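Since the structure comes first, as C-alpha cells, the remarks are kept for the end.
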Amino acid sequence: MTPQEMTEIRNKRIMAALNMEKPDRIPINLSGQGYFKWIDPKAVLADMFRKPKYIDDLTLQAYKLPIIEEMDSAPMVGFSSEAGLAAFAACYFAKIKLPGRELPEDAIWNIDELGPMTEEDYDVAIDKGWAYLTAELYKRIGFDPASLPPPDMEYMGELMKKVAELGKTSIGMGSAMPMPSFEVLSGARKMTNFFKDIRRMPDKVKAVLEIMNEETIAQTVETVKKGPYNPYLFVGGTRAGSDFISAKVYEQFYHPYYQKLVPALQDINVKTWFHNDSDWSGFLPYFTEFPKAQCIFDPDHLTPMETLKKVLGDKMCIEGNIPPGLLAVGTPDDCYKEARRLIDLMGDTGFMMGVGCGVPANAKRENVEAIILATLGK
C-alpha cells in the first residue's frame, strides 16, 4: 500500500470519529515532541532550538519504528523555532523562556507573564478597539511581529514531503489556533490583576471581552477562508477549568466566546476542536448546547473520562485521556490496562485514543507501544 493510500485510510478513520460514526478502528493520536530521544538518547530539549533540523530528522526516524508506525497522527516537526514560540507567548503579551538559555538544558519551555495592560487601557480598547490596543501592548513588551524571521519555505516543503511518505493523516496540519478572549485578556492584565478587575469592574471587562470576541472571531474566519481547508480548528483553553474558576465567572466571561465561535465555524463547514487543560467537569453541561458532531473535546488528564462520556458522549467526539505521567513513570502493563479501560468505557464510536495534553518528552517508548497495541486489540 502506498503512503498516499495509507493517508487516505487514516483521514477517513479520523473523519469518521469526528463525525460520531464508527471507523474501521479507533484512531490513535499521540502527539508529542520528545520522540527524538528514542533515536538519540543524548539529545535534549534545548536541541530543538539549537539544531531543529537534526531534531526533525530524529523525530521522523522515530515515527518509522515498529509499532510506533501504527499511529495515525503525523509527527510534530517544523515547529521548533524561537520565533514561533515568541509569537505564541505574545498572544498572552508575555515572553518565552527556552531550555538551554533561561532554563535548564532538558526543561520544557515556558511563558513568562508580563501583564503590560493597565486599568486605563480598558477604556482605550472600548474607544479604539482591541486591535489598536494590541499594537500598543506589543510595543510595551518589545515584541514586533514584523521583525520575526520568515519561515524557511523551501525546508518546510522538503519536510512535508518526508511527512507525506509516512502515510499519516493530513488532517489538522497547519490549522489556526485562536485564543479565547478570556485567556488573552487575563494574560494582558496578568492573572491576579484580571481577577480583581472581574470583581471591581465587571461591566468594563465584559465590554472589552465582547469587542475582543467580535474582532478575534471575524479575523479567525477570514484566515480560515484564505488558507487550505481543514475540517476543524484547534482552540486552546488553559485558564478556565471548573477547578479554577466558578460557574458564574465561566458563564459570564468565558463561554460567550465559544457561543460565537462554534456557529461562525459551522457556517464555513469547520468543526471546533476544544483542547481544554485542567478539570472542566463542572462546565461540560454548557457544551451540550452545540450541535451534534460539530465539536471535539480534547481534555488533559484532569477531566474524568467517565464524566465526559456521560455528559458529552452522544454529542461530540472525545479524545484522550491517558495521564502523561503514566507514560513517564508507569509500566507497559499499566499503560496497556489504562488504554483498554478507556476503550471499554468510551466504545469505538466518536472516540480517539490520546494522551492528556500530549506525550511527555520523558515518555518511555515501551509505554507508548503498550497504548498502541491496546488500541489495536493486540
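The values are calculated or read from the model by the stated rules, or taken from the named source; none is laboratory data. Keep in mind that what you see is a predicted model, and the values were worked out from it rather than measured. Quick reminder, even Gly has a Cβ in these numbers, built from the backbone with ideal geometry, and neighbours come from all protein chains shown.
Search region 254-278 for residues being touching a strand residue (DSSP E or B) at 6+ places or on another chain (Cβ under 7 Å) and polar (S, T, N, Q), and hand back the single one that is nearest to F194 (Cα to Cα).
Initially, region 254-278 is screened for residues touching a strand residue (DSSP E or B) at 6+ places or on another chain (Cβ under 7 Å), giving 261-262, 265, 270-277.
Retained after the next criterion (residues that are polar (S, T, N, Q)): 272, 276.
Values: T272: 27, N276: 20 Å.
This residue is N276.
Yes/no per residue for (1) surrounded by fewer than 20 Cβ atoms within 10 Å (Cβ to Cβ); (2) in a loop (DSSP other than H, G, I, E, B):
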site: L302; (1), (2): yes, yes
site: L345; (1), (2): yes, no
site: N362; (1), (2): yes, yes
site: E369; (1), (2): yes, no
site: T375; (1), (2): no, no
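Any residue at all in region 163-171 that is assigned to a helix (DSSP H, G or I) and either under 23 Å from L261 (Cβ atoms) or among the acidic types (D, E) (or both)?
No, region 163-171 has no match at all.
So the check is Cβ under 8 Å with 6+ separation or different chains; which pairs have a first residue in region 206-219 that's within 15 Å of A264 (Cα to Cα) and a second one that's among the charged types (D, E, K, R)?
N213/K260; E214/K260; I217/K260
Quick check on my filter: what residues within region 1-48 are within 23 Å of the chain's Cα centre (by Cα), polar (S, T, N, Q), modelled with pLDDT of 95 or more and over 23 Å from F290 (Cβ atoms)?
T7, N11
On the given criteria, is G115 among the small types (G, A, S) and out of contact with any Phe, Trp or Tyr (no Cβ under 8 Å at 6 or more places or on another chain)?
No.
Quickly run through region 174-190 and pick out the residues that are out of contact with any Leu (no Cβ under 9 Å at 6 or more places or on another chain) and loosely packed, with under 14 Cβ neighbours inside 10 Å.
Listed by number, the list holds a single entry, G174.
Let's see how each residue does on (1) touching a residue at least 60 places away in the same chain (Cβ under 8 Å); (2) closer than 25 Å to E214 by Cα; (3) touching a Pro at 6+ places or on another chain (Cβ under 7 Å); (4) among the small types (G, A, S):
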{"position": "A83", "(1), (2), (3), (4)": "yes, no, yes, yes"}
{"position": "D106", "(1), (2), (3), (4)": "yes, no, yes, no"}
{"position": "K139", "(1), (2), (3), (4)": "no, yes, no, no"}
{"position": "L148", "(1), (2), (3), (4)": "yes, no, no, no"}
{"position": "E154", "(1), (2), (3), (4)": "no, no, no, no"}
{"position": "G157", "(1), (2), (3), (4)": "no, no, no, yes"}
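Out of L45, L60, I need the residue that is in a helix (DSSP H, G or I), surrounded by 18 or more Cβ atoms within 10 Å (Cβ to Cβ) and in contact (Cβ under 8 Å) with a residue 60 or more places away in the chain. Which one?
Matching residue, one of L45, L60: L60.
How many residues are surrounded by fewer than 17 Cβ atoms within 10 Å (Cβ to Cβ) and either in a helix (DSSP H, G or I) or of a type in the set (A, V, I, L, M, F, W, C) (or both) when one looks only at region 142-162?
So the answer is 13.
Of everything in region 1-42 that's β-branched (V, I, T) and free of Cβ contacts under 8 Å to residues at least 60 places away in the same chain, which residue is nearest to V359 (Cα to Cα)? Outline the logic, then answer.
Taking region 1-42 first, the residues β-branched (V, I, T) are 2, 7, 9, 14, 26, 28, 39.
With the extra rule that they be free of Cβ contacts under 8 Å to residues at least 60 places away in the same chain, the set shrinks to 9, 39.
Details: I9: 24, I39: 16 Å.
Top of the filtered list is I39.
Taking region 111-127, which residues are touching a strand residue (DSSP E or B) at 6+ places or on another chain (Cβ under 6 Å) and surrounded by fewer than 15 Cβ atoms within 10 Å (Cβ to Cβ)?
Residue satisfying the conditions is D112 alone.
Being touching a Cys at 6+ places or on another chain (Cβ under 6 Å), touching a residue at least 24 places away in the same chain (Cβ under 8 Å) and farther than 16 Å from A17 by Cβ is the requirement here; does D300 meet it? Step through it out loud before you land on a result.
Values: touching a Cys at 6+ places or on another chain (Cβ under 6 Å): yes; touching a residue at least 24 places away in the same chain (Cβ under 8 Å): yes; farther than 16 Å from A17 by Cβ: yes.
Against the criterion (touching a Cys at 6+ places or on another chain (Cβ under 6 Å), touching a residue at least 24 places away in the same chain (Cβ under 8 Å) and farther than 16 Å from A17 by Cβ), D300 qualifies.
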